[in-house]
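Accompanying notes for the structure given below.
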Amino acid sequence: MSICLNVSPSCPAASAPDGLEGALRHRIAGLLLWGCIGLPFAAGAALAPAGAQVPPEKEAGWQSDVGGLRHFMGLRCPDQIGPFYRIKVLEGGANSLAGCIYTGRDGMTAVLRQHVQDTGRREAISFSRNYKAAGFEEVQLSGAASTGISFRTRSWTPTSLCETLWHFAGKDADFTLWLSYTLPTQQDEVGPAVTAFTQVLAQQN
């Protein structure tokens with residue numbers, strides 16, 4: 001499947017509790033803001049490892065696949081993508097057909113989602129509007145993040161928490177990749193992460 005990258009850049013600032021607990025709350029708040037997860041998951045804050053998640057047959061539309069899970073709408077989520085491990089699968093909605101949450105090194109978090117064809121750009125615009133409405137300032141970043149929409153969601157600590165969304169147009173569906181990471185400590189990990197996930201998208205069938 002051919003994948004085309006279509007995006008516009010950005011990144012904001014806000015204030016909230018510091019420390020690991022505060023960072024986790026911010027990551028979950030970001031997922032809620034984007035509409036990736038529901039309140040039951042947010043309330044459960046602790047992210048379980050892939051092996052401890054609800055069996056795929058109990059997750060609407062998901063079934064076991066070689067080295068991962070596959071949704072009946074076509075999205076395939078491997079158990080591992082680069083240094084990221086799948087920790088949860090997501091049900092679909094109106095335009096978001098299915099998705100998976102992954103965790104990487106030092107709390108780096110990624111969400112891969114499949115959308116109705118030709119709605120990826122609209123999802124990206126909605127993401128940008130929601131973050132701006134929440135008070136985050138859009139910023140330009142370099143490297144792989146420069147092709148996505150980025151917001152700095154924590155700026156009151158020595159490291160900044162940033163969240164970036166990329167959207168992609170596929171042959172039969174659109175996709176988005178949301179990434180949460182800290183700068184400058186994880187700056188060099190963003191590019192390889194995007195490459196790993198886009199390679200997975202290119203292999204969707």
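Things worth noting here:
- Positions within region 104-129 being in contact with a Leu (Cβ under 6 Å, 6 or more places away or on another chain) and either surrounded by fewer than 16 Cβ atoms within 10 Å (Cβ to Cβ) or under 15 Å from Cys162 (Cα atoms) (or both), in sequence order: Ala110, Phe127
- Of the strands (runs of 3 or more DSSP E) that lie entirely inside region 96-205, those containing 1 or more residues that are within 21 Å of Pro78 (Cβ to Cβ) and without any contact (Cβ under 8 Å) to a residue 40 or more places away in the chain span 96-103.
Rundown of residues vs (1) on the phi < 0 side of the Ramachandran plot; (2) part of a loop (DSSP other than H, G, I, E, B); (3) modelled with pLDDT of 75 or more; (4) surrounded by 15 or more Cβ atoms within 10 Å (Cβ to Cβ), yes/no style:
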residue: Pro40; (1), (2), (3), (4): yes, no, no, no
residue: Ala48; (1), (2), (3), (4): yes, yes, no, no
residue: Arg70; (1), (2), (3), (4): yes, no, yes, yes
residue: Tyr85; (1), (2), (3), (4): yes, no, yes, yes
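- Residue match in region 149-158 (condition: modelled with pLDDT under 95 and in contact with a Phe, Trp or Tyr (Cβ under 8 Å, 6 or more places away or on another chain)): yes
- Meets criteria (modelled with pLDDT of 90 or more, polar (S, T, N, Q) and in contact with a His (Cβ under 9 Å, 6 or more places away or on another chain)) for Gln186: no
- Checking every residue in region 138-156 against the condition of being closer than 25 Å to Ser64 by Cβ, in contact with a Gly (Cβ under 7 Å, 6 or more places away or on another chain) and of a type outside the set (Gly, Ala, Ser) gives zero matches.
The values are calculated or read from the model by the stated rules, or taken from the named source; none is laboratory data. Computed from a predicted model, the values in this text were never measured in an experiment. All Cβ positions, even for glycine, are placed from backbone atoms using ideal geometry, and neighbour counts span all protein chains on display.
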